[in-house]
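Okay, structure first, notes after.
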Amino acid sequence: MAARTHLARIERAIPSCTRCPELRAYCAEVARAKRKAFESWEYWGRPVPGIGDAAASIWIVGLAPAAHGANRTGRVFTGDRSGDFLYAALHRAGLANQPTSVSRDDGLALSGVYVSAALRCAPPANKPKPHELGNCSTYLDEEEHALRGWRVILALGSIAWGSALAMLERRGVAGFRPKPKFGHGARVALDEGRSLIGCYHVSQQNTFTGVLTPAMIDEVLAQAKRFARG
Ligand code: SF4
């Protein structure tokens, strides 16, 4: 099956997933109640699939949709400050056609990069439970299978890092004893010249406090592009 067809099948399946009833109920309730600033919106309120280039060499794995961000817009990292920061960086890196990401029909196109997350439903307080990450891990596995040309996985934050390590082990790409520690700019060399690279998460807690600056993510993206070229 062609990579685009395979990914499209995964992207179509994810919004109907019901493996975590508590999370589905939480997302639906957020969508019903809404935030005042978005009361004119028809919230998505369901699991959020990944987006991007089926021929991507760089695969960015985030944490989870935000309650009033991707859970509202239905597109990963779209409609919140995290997405503003991430897509502006992808645009500077030449991986996105525009620096903003506000809705599913805003014309955003990614080139050479795919973006998804460890968890596809917005969790309360942005804190996924281990069994929820376990339930959702099959989608990372399926994406790994579909994204045949990936060279670099860029994990945003320690939870995405842990999920990526576990996925790589399940997929037989690598084994880790002991598990490599997450760090900003940390790199794990995988077989066939591939890499797992860490980056602080693009959440407001990091970007509003200077823990993660535009220059820092630009540097990590440049590192990812270098290793993706081989
Ligand atoms: S978190 Fe993942 S596994 Fe759980 S319901 Fe949402 S999409 Fe399904």
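The values are calculated or read from the model by the stated rules, or taken from the named source; none is laboratory data. Predicted model only: the values in this text are computed from it and were never measured. As a convention, Cβ positions derive from the backbone with ideal geometry for all residues, glycine included, and neighbour counts pool all protein chains shown.
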*Within segment 102-133, how many residues are within 16 Å of the ligand (Cβ to nearest atom) and farther than 13 Å from Leu63 by Cα?*
1
*asked:* For the condition crowded, with 20+ Cβ neighbours inside 10 Å, within 12 Å of the ligand (Cβ to nearest atom) and closer than 17 Å to Tyr87 by Cα, what is the one hit in Ala64, Ala56?
replied: Ala64
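One line per residue, one yes/no per condition, for (1) over 24 Å from Gln223 (Cα atoms); (2) in contact (Cβ under 8 Å) with a residue 40 or more places away in the chain; (3) not acidic (Asp, Glu):
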| position | (1), (2), (3) |
| --- | --- |
| Lys127 | yes, no, yes |
| Ser137 | yes, no, yes |
| Glu143 | no, yes, no |
| Arg151 | no, yes, yes |
| Gly157 | no, yes, yes |
_Going residue by residue through segment 187-199, is there one that turns out to be modelled with pLDDT of 95 or more, within 16 Å of the ligand (Cβ to nearest atom) and within 20 Å of Ala66 (Cβ to Cβ)?_
no
*Subset of segment 187-230 [in a helix (DSSP H, G or I) and touching a Phe, Trp or Tyr at 6+ places or on another chain (Cβ under 6 Å)]*: Asn206, Thr207
*Taking the residues in segment 21-52 that are in a loop (DSSP other than H, G, I, E, B) and in contact with a Pro (Cβ under 9 Å, 6 or more places away or on another chain) as candidates, determine which candidate is nearest to the ligand (Cβ to nearest atom).*
Pro47
*Of all residues making up segment 109-157, the number that are over 18 Å from Ala70 (Cα atoms), among the aromatic types (Phe, Trp, Tyr) and part of a helix (DSSP H, G or I)*: 0
_Any chance Phe85 is under 18 Å from the mean Cα position of the chain (by Cα), more than 16 Å from the ligand (Cβ to nearest atom) and aromatic (Phe, Trp, Tyr)_ = yes
_Checking Leu110 against (1) free of Cβ contacts under 8 Å to residues at least 24 places away in the same chain; (2) within 20 Å of Cys199 (Cβ to Cβ), the condition it does not meet_ = (1)
